[in-house]
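Take a look at the structure set out below.
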Amino acid sequence: MRKGFTLIELIVVIIIIGVLASFGLPQYIKVAEKARKAEGVSLLSVIRSSQLRYKAETGAYATVMTVLDLDYTTPKYFTVNAPAGTAAQVGRVTRNGVEGAQYVYVLGISDAGTVTCTGASCI
């Protein structure tokens, strides 16, 4: 008497694993993108703090990043943009789009600390 699995049983198991993976992968991608977005929000917090210090010294918000006393590591997933220099937007970062990636958006922060997301793929 032979012991083991038949080819049909193995194929059924592979199909079941494939179906489960097809449900789990999109959810994993969303969770990973939320983690990447956290990098942008953290960076915006640093920019906001620097903008508030700059306004206390000069009376106005900066419109170029070079005049701010920023201390942060180079972000992996975001590019720092020049802020509008208004209370509604003291800092902006853009998600680095990888070719074919669906997550491309711009995060902004107000002087009150409110984070906004603009773009078709905001999460």
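Over the residues of the chain, the helix contribution to mean residue ellipticity at 222 nm works out to -16000 deg cm²/dmol, using -39500 (n - 2.57) for each DSSP H run of at least 4. Relative to the dominant Cα principal axis of the chain, helix 7-58 is inclined by about 10°.
Convex hull volume per residue, computed on the Cα atoms of region 26-90, equals 87 Å³. Ordering LEU44, LEU20, LEU52 by the number of other Cβ atoms within 10 Å of each residue's own Cβ, fewest first, gives LEU20, LEU52, LEU44.
Please report ASP71, ASP111 as a ranked list, fewest other C-beta atoms within 10 angstrom at the top and most at the bottom.
ASP71, ASP111
As a calculated quantity, the FRET efficiency between VAL104 and SER45 at R0 = 22 Å, using C-beta atoms, amounts to about 0.50. Our Cα-only numbers for the chain put the radius of gyration and Dmax at 22.6, 88 Å. Taking the average, over residues, of other Cβ atoms within 10 Å as the packing measure, peptides 77-84, 4-11, 58-65, 33-40 rank 77-84, 33-40, 58-65, 4-11 from highest down.
Only the coordinates and a few stated rules stand behind these numbers; no lab work does. All of these numbers come straight from a predicted model, not from anything done at the bench. FYI the Cβ positions are ideal-geometry reconstructions off the backbone, even for glycines, and counts take in every protein chain you see.
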